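A.B. asks: Below you will find the structure I want to go over with you.
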Amino acid sequence: MITKKQQREGREKAARLMREAGVVFQEQELEKLEVADFGLSRLETEGAQIFSLFDTKRLAARVITLFPYQTEPEHWHEPEDTGKEETFRVIAGTLLLYVDGEDTLSRGKIPEESRAYYTCRHELVLGPGDTVTLEPGKKHWFQAGEEPVVFYSMSTTASDARDPFTDPHIVRVTQITE
Ligand code: ZN
């Protein structure tokens, strides 16, 4: 759960960073910029600012902003049908992306409160212009480094509300309170 104030501040901060990064959008579109806490109520460590550019039955494109060391929890996209293939491309800042494989985690910080739900330790460090595509079903989580990061998440059909997360406490639809 987040407050309206947290939502407003998160939107403003993310909008400023997106603008600085050269992302073009209309002011009224900010209404749909999602400040997500994944139902964990610790937005600063586990959360994301998600701005949908478009979302059709076949394709989705988003600009995701993370503040320093803010983390999107570990999840995957079910490989049912064609599954969601997801491509990350960094616009500004550094994205720390974690997938299965040899433990090379050195720059990232696993959120203490939910350490058990972060199993991927293979660290990929992406800077502006770097692109990585993940196949459907591949577990992943990501985090900003010391600086905020702004990046694209482009994918085939998105079904965020149904995506499985490792942490069973996660509720994908953010509750907003006064
Ligand atoms: Zn994903």
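Every number here is computed from the coordinates shown, using simple stated rules; none is lab data. Since the structure is predicted, the reported quantities are computational estimates derived from the model, not experimental observations. Glycine also receives a Cβ, built like all others from the backbone with ideal geometry; neighbour counts cover every protein chain displayed.
A.B. asks: Any idea which residue in region 98-109 is surrounded by the most Cβ atoms within 10 Å (Cβ to Cβ), counting only those that are touching a residue at least 24 places away in the same chain (Cβ under 8 Å) and in a loop (DSSP other than H, G, I, E, B)?
C.D. replies: Gly108
A.B. asks: Let me ask another. Inside region 114-127, can you point out the residues that are surrounded by 14 or more Cβ atoms within 10 Å (Cβ to Cβ), out of contact with any Leu (no Cβ under 8 Å at 6 or more places or on another chain) and more than 14 Å from Leu97 (Cβ to Cβ)?
C.D. replies: Residue satisfying the conditions is Tyr117 alone.
A.B. asks: Okay, next question. Tally the residues that are assigned to a helix (DSSP H, G or I) and in contact with a Gly (Cβ under 8 Å, 6 or more places away or on another chain), restricting the search to region 27-62.
C.D. replies: 0
A.B. asks: List the pairs whose first member sits in region 145-158 and is in contact (Cβ under 8 Å) with a residue 24 or more places away in the chain, whose second member is part of a strand (DSSP E or B) and surrounded by fewer than 18 Cβ atoms within 10 Å (Cβ to Cβ), and whose Cβ atoms are under 7 Å apart, counting only residues at least 6 apart or on separate chains?
C.D. replies: Sorted first by the residue in region 145-158, then by its partner, the pairs are Phe151/Arg89; Tyr152/Ala61; Tyr152/Arg89; Met154/Ala61; Met154/Thr87; Ser155/Thr87; Thr156/Leu59; Ala158/Asp55.
A.B. asks: Is there a residue being in a strand (DSSP E or B), touching a Phe, Trp or Tyr at 6+ places or on another chain (Cβ under 7 Å) and among the polar types (S, T, N, Q) anywhere in region 63-78?
C.D. replies: Within region 63-78, one or more residues are in a strand (DSSP E or B), touching a Phe, Trp or Tyr at 6+ places or on another chain (Cβ under 7 Å) and among the polar types (S, T, N, Q).
A.B. asks: Which members of region 17-27 meet the condition of being within 24 Å of Val173 (Cα to Cα) and surrounded by 12 or more Cβ atoms within 10 Å (Cβ to Cβ)?
C.D. replies: Leu17, Met18, Phe25
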